[in-house]
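The values are calculated or read from the model by the stated rules, or taken from the named source; none is laboratory data. Keep in mind the model is a prediction, meaning the values are calculated, not measured. Every residue, glycine as well, gets a Cβ built from its backbone with ideal geometry; the counts of neighbours run over all protein chains shown.
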Amino acid sequence: MAELTRRLLAFRDERDWAQFHTTKNLMVSLALEAAELLELAQWKTDAQLEDALADPALKARLGEECADVFLYLLLLCERAGIDLMAAASAKIVANAAKYPVDLARGNSLKYSELSEVKKILVE
């Protein structure tokens, strides 16, 4: 990840684009790229989208959009001084606490709803 970030920053710096990469601009760009990713699913059912993944052209486009999102995320984390790997690891730990296996397994309830289920089970 560090090598990829280094290459990305070199690419940016060779073009003198750092001046445009404010925290806000990177956040906006990340959201826009995520919307382009979502556009690939627009007007498709889950099954249609899953089937469409067999199309090499769609899969290539999906990969490009995922890369755009990832690269902007790397730029944003670099700008903000965030260790993305450490933040992701901490988030998994936090989510494990919010979504205990015995309550969360096999359902999509939000953690706040799971705590209500837990109260009912305890009573």
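Candidates 33, 3: the one that is among the acidic types (Asp, Glu), touching a Phe, Trp or Tyr at 6+ places or on another chain (Cβ under 9 Å), part of a helix (DSSP H, G or I) and under 19 Å from residue 84 (Cα atoms) is 33.
The residues listed here are 54, 104; of these, the one that is more than 25 Å from residue 8 (Cα to Cα) and either touching a residue at least 40 places away in the same chain (Cβ under 8 Å) or in contact with a helix residue (DSSP H, G or I) (Cβ under 9 Å, 6 or more places away or on another chain) (or both) is 104. Looking only at residues in the range 42-64 that are part of a helix (DSSP H, G or I) and over 20 Å from the mean Cα position of the chain (by Cα), the one that is surrounded by the most Cβ atoms within 10 Å (Cβ to Cβ) is 52. Screening residue 109 on (1) in a loop (DSSP other than H, G, I, E, B); (2) exposed (fewer than 11 other Cβ atoms within 10 Å of the Cβ) shows it passes everything except condition (2).
For the range 1-41, a tally of residues being farther than 22 Å from residue 58 by Cα and either loosely packed, with under 13 Cβ neighbours inside 10 Å or not assigned by TED's automatic domain parsing to the domain that holds residue 59 (or both) returns 20. On the phi > 0 side of the Ramachandran plot and either acidic (Asp, Glu) or not in a loop (DSSP other than H, G, I, E, B) (or both), is that true of residue 16? Against the criterion (on the phi > 0 side of the Ramachandran plot and either acidic (Asp, Glu) or not in a loop (DSSP other than H, G, I, E, B) (or both)), residue 16 qualifies.
Looking at 61, 6, 12, just one residue is charged (D, E, K, R) and in contact (Cβ under 8 Å) with a residue 40 or more places away in the chain, and that residue is 12.
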